[in-house]
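The values are calculated or read from the model by the stated rules, or taken from the named source; none is laboratory data. Source: prediction; values computed, not measured. Cβ sites come from the backbone with ideal geometry, for glycine too, and all protein chains shown count toward neighbours.
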Amino acid sequence: MRIRNIILDWSGTLVNDLPPVWRTTNHVFEVFGLPPMSLEEFRREFCLPVRRFYSTRLPDVPMRRLEEVFLGYYANYRHEIHPLPHAEEFLKFCAERAIPVFVASSADVETYTAQMERFGFTRYVTRPYLAIPDKTEQIHRILADNALTPSETLFVGDMEHDIEAGKAGGVRTCAVLTGYNHVDKLRAMNPDWVCEHLGELRERLCG
């Protein structure tokens, strides 16, 4: 398939923020009287939209309050977040081939902007879409805003929700195994491709 446009998830696809997010989620649980989750449990159970994840555990706590507690504690770990291996090389690859890159992320604008500037990735991204509550809805806006042809567009992410969003928009999908969801959950979504990391995806796009 000929790919002319790429939509990338942020967390777990371009940057490794899984450990800080896991620890911060356990802090939220502690504040509201829930036991912590192991990293293995978290990877198997965490899902997007994030309200779906919390609704079964803390249904009576407003989402705004959960976000306040989460973001306040998460700030302590922002310095621990780094780009994943192959991330910058993949972005350079897209730039060299004039493939526009769009970021679709649930990350808040402040967090994303600070990380982008620290990593020097800003110049590689055509347009970011941030603080997305539900990517299955936002995908249609991304395609329409940028006049993207679905059959020529690839959505790349590390979670079931990313693959679900790509399918909702009728675009090609690629699951990468560098982030939040286990490979069995991702394969069950039947993406077009499953890659260990962005380096493998780059090789496939070269082929």
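Would you mention how many residues in segment 29-62 are of a type in the set (A, V, I, L, M) and touching a Ser or Thr at 6+ places or on another chain (Cβ under 9 Å)?
Of the residues in segment 29-62, 3 are of a type in the set (A, V, I, L, M) and touching a Ser or Thr at 6+ places or on another chain (Cβ under 9 Å).
Being in a helix (DSSP H, G or I), not β-branched (Val, Ile, Thr) and not assigned by TED's automatic domain parsing to the domain that holds PRO150 is the requirement here; does ARG57 meet it?
Here the answer is no, as ARG57 does not meet what is asked.
Would you mind telling me which numbered condition in (1) closer than 24 Å to PRO83 by Cβ; (2) modelled with pLDDT of 95 or more; (3) among the charged types (D, E, K, R); (4) more than 13 Å from the chain's Cα centre (by Cα) LYS135 fails?
Status for LYS135: all satisfied but (4).
Of everything in segment 20-53 that's hydroxyl-bearing (Ser, Thr, Tyr) and within 18 Å of the chain's Cα centre (by Cα), which residue is farthest from ILE163 (Cα to Cα)?
Result: THR24.
From ALA114, ALA165, ALA188, ALA175, grab the single residue that is over 15 Å from the mean Cα position of the chain (by Cα), at pLDDT 95 or above and of a type in the set (A, V, I, L, M).
ALA188
Please report, ordered by residue number, the helices (runs of 4 or more DSSP H) entirely within segment 61-179 with at least 2 residues that are aliphatic (A, V, I, L, M) and outside the structural domain of CYS195 (by TED's automatic domain parsing).
Here the list reads 63-74.
Only residues in segment 76-91 that are free of Cβ contacts under 8 Å to residues at least 60 places away in the same chain count as the first member; pair them with residues that are of a type in the set (Gly, Ala, Ser), Cβ under 9 angstrom, at least 6 apart or cross-chain, and list the lot.
Correct list of pairs: ARG78/ALA114; GLU88/GLY120.
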